[in-house]
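One structure is given below, encoded as structure tokens.
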Amino acid sequence: MTSRFARAAAMGAALTVAAGAFAACSSEPETTPDDVITIFAPQDAGQGQDLEDNAFTTLLEEKFDVDLQFETTTWDGNAAAEKRQISLASGDYPDAYMLIPWVDQFSSEELVELGGQGVIVPLDDLIGEDTPNLVAAFEKEPGFEELATSPDGNIWGIPAWNDCYHCSYPSKLWMNSAWLDALGLEQPTTTEELRDVLEAFKTQDPNGNGEADEIPLSGAGGATLLSYLLNPYVYTAEMYANAEGVNPASLGLQNGQVTLQPTRNEWREGISYVASLYADGLIDEGAFTQNGEALTAEGATEDVILGSVAVMHPWFVTADQEDGRYTQYDAVPPLTGPKGDDTFWSGGGAGAAPGATFVITNRSSEAKQRKLMQILDFMVSYDGHLQGEYGIEGVNWMRPEEGDVALDETLEPNFKVITQPTEETLQNSWGPIAQFFSDAEFRNSQVTATDIYSAEGYERRLFEATTFYEGHESDELFPYWEVDVTGETATELATIQTNVENFIVQASAEFVTGIRDIGGDEDWAEFQQNLTDLGADRYVEIYQEAWDASQ
């Protein structure tokens, strides 16, 4: 959860270098013995995770008679993506990659390219009798198999199917209701009402400590903040799921025409609004550059200083903070813009993106390939999923008791997560690495406390908050996952998309923070010319042709 803006150019360079390195790799990498499987994966040491010394790792090693060894990265999206690219480019890559989609994953274009180069192996022939749970999951959710199938018709990897209701509306704003009450204010409903509330947070000492230490609005990396604030002006997706340039987040669809949203006057008006908030000191100076750790530090100060935060859910405060600040933040519904528009961006359906979180490389022998697919299949199974994502029964989760209520109260409750101290949460599990098939039935049968402000009721809190956003979806959403771009065009698109999307991320922050003048016609014209020079016209043309072909 780090800044997309600060590292956009560096990531673009890393991707370009890595792509060249893939092409340069001609020799087969050396492999380890069949009973030793090497895996590249992210781990979160802050939550006590050590994949080498982990209860679920031990369970897999004993169950499948293997020695699992890890090359690890962090949950910092940019750093994880860069390390993955370097790992691949080195030629000394592991047997498999197991990733987290909202940290980093392989795009469809990467899969086709790496598959064509022989770096990763096709999984089609490995899916069958040895993977009954995966086959059953494909049958239960046909969209899962469709998502796993690359534009060239092969299954080069397996994505994470996470039917997460609250994840489908990730661009939320969480506001301190205790501060609103202290100042006699209501939640804002329009962009100008938000300005008024933020000004009150800045100037009227809502935390009552006699100091002007309040931060009216903050965020991490800026993506959620921009998406939330721009949508009242123009449909704006959030590039939250992967590293920069993986998804065409800047595109919209108007009456069948693919549109680059930052070329529109409405986008300029929206950025002007955000820039005015920043210029008035209402947006945290670190909102576009700080990572999740820095935001959490702001949430943990001695006195509460955060008035509102644009993130998917309020992880920036924790239940173990004794002053109760954990209970103070509530979701603000979509704002209405100056033209009366309150439409919003929805990630849509299951929290899944085209591409893959799991791939097997050509370093892996046929025996290891079969073993890896069996491990994957176990994590898709119900019991394997519980142990892989949550940990040990009786320690990290338990079976339901009489009177327990499922998140979806129409479902029979199936399991209950036992709250752990933050630094111990992932000691016994792989967490979201193992979350390959979380369909709605699995997620919503989880026992959840009815007190949404308790730690045990957190999932219900997110569930209920998301109802504020459902029903406001914009009809300008461009369903890029429904189009196929293959062959040389896909290779061309990958480069253009990375360049254009990275540049928009960077330029957006520069406009907001005043490095570029959004009100200046010269700077605006230069921005449009920059887009043209980077291939924006061809970018739109490729997606338009693909969209027309899909209809």
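Can you report the number of residues in the stretch 403-461 which are open to solvent by less than 40 Å² (accessible area, probe 1.4 Å), among the small types (Gly, Ala, Ser) and in a loop (DSSP other than H, G, I, E, B)? Residues meeting the conditions: 4.
Of the residues 395, 405, 447, 380, which single one is in contact (Cβ under 8 Å) with a residue 24 or more places away in the chain, farther than 20 Å from residue 458 by Cβ and of a type in the set (Val, Ile, Thr)? Steps first, please.
On the way: 395 fails: farther than 20 Å from residue 458 by Cβ; 405 fails: farther than 20 Å from residue 458 by Cβ; 447 fails: farther than 20 Å from residue 458 by Cβ.
On inspection, the qualifying residue turns out to be 380.
Scanning the stretch 193-213 for residues that are open to solvent by 20 Å² or more (accessible area, probe 1.4 Å), more than 23 Å from residue 334 (Cα to Cα) and either assigned to a loop (DSSP other than H, G, I, E, B) or touching an Asp or Glu at 6+ places or on another chain (Cβ under 7 Å) (or both) gives 204, 205, 207, 208, 209, 210, 211, 212, 213.
How many residues does the stretch 322-332 hold that are in a loop (DSSP other than H, G, I, E, B) and surrounded by 18 or more Cβ atoms within 10 Å (Cβ to Cβ)? Break it down stepwise before answering.
As a first pass, look at the stretch 322-332 and keep what is in a loop (DSSP other than H, G, I, E, B): 322-324, 328.
Retained after the next criterion (residues that are surrounded by 18 or more Cβ atoms within 10 Å (Cβ to Cβ)): 328.
Result for the stretch 322-332: 1.
Annotation note: of 29, 42, the sole residue that is open to solvent by less than 70 Å² (accessible area, probe 1.4 Å), in contact with a strand residue (DSSP E or B) (Cβ under 9 Å, 6 or more places away or on another chain) and modelled with pLDDT under 80 is 29.
Each row is one residue, and each column tells you yes or no for (1) at pLDDT 95 or above; (2) open to solvent by less than 40 Å² (accessible area, probe 1.4 Å); (3) within 20 Å of the chain's Cα centre (by Cα).
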residue: 21; (1), (2), (3): no, yes, no
residue: 50; (1), (2), (3): yes, no, no
residue: 69; (1), (2), (3): yes, no, no
residue: 110; (1), (2), (3): no, yes, yes
residue: 113; (1), (2), (3): no, no, no
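Here residue 391 passes the criteria (1) crowded, with 17+ Cβ neighbours inside 10 Å; (2) not in a loop (DSSP other than H, G, I, E, B) except the one numbered (2).
Within this structure, residue 285 passes the test of being open to solvent by 10 Å² or more (accessible area, probe 1.4 Å) and either part of a loop (DSSP other than H, G, I, E, B) or modelled with pLDDT of 95 or more (or both).
For the stretch 297-316, name all the residues that are of a type in the set (D, E, K, R) and either in a helix (DSSP H, G or I) or in contact (Cβ under 8 Å) with a residue 60 or more places away in the chain (or both).
298, 303
Comparison of 525, 490, 549 shows that the only residue that is within 30 Å of residue 277 (Cβ to Cβ) and either small (Gly, Ala, Ser) or buried (at least 19 other Cβ atoms within 10 Å of the Cβ) (or both) is 525. Taken over the stretch 88-128, the residue count meeting the criterion of being touching a helix residue (DSSP H, G or I) at 6+ places or on another chain (Cβ under 9 Å), of a type in the set (Gly, Ala, Ser) and assigned to a helix (DSSP H, G or I) is 3. On inspection, residue 80 fails the criterion of being hydrophobic (A, V, I, L, M, F, W, C), modelled with pLDDT of 90 or more and loosely packed, with under 15 Cβ neighbours inside 10 Å. Residue pairs whose Cβ atoms lie under 7 Å apart, sitting 6 or more positions apart in sequence or on different chains, and linking a residue in the stretch 529-541 that is closer than 19 Å to residue 484 by Cα to a partner that is among the polar types (S, T, N, Q), are 539/497. Only one of the listed residues (319, 294) is outside any helix (DSSP H, G or I) and within 25 Å of the chain's Cα centre (by Cα). That residue is 319. Counting only residues that are assigned to a loop (DSSP other than H, G, I, E, B) and not acidic (Asp, Glu), the stretch 129-175 holds 17 of them.
Residues in the stretch 214-232 that are surrounded by 24 or more Cβ atoms within 10 Å (Cβ to Cβ) and of a type in the set (Ser, Thr, Tyr) were compared, and the one that is farthest from the chain's Cα centre (by Cα) is 218.
The values are calculated or read from the model by the stated rules, or taken from the named source; none is laboratory data. If you're wondering where the values come from, they're calculated on a predicted model, not measured in any experiment. Cβ atoms come from the backbone with ideal geometry, glycine included; neighbour counts cover every protein chain shown. When the accessible area is computed, the model is the full protein with side chains, heavy atoms only, and any ligands, DNA or RNA have been set aside. Shrake-Rupley method; radii C 1.70, N 1.55, O 1.52, S 1.80 Å.
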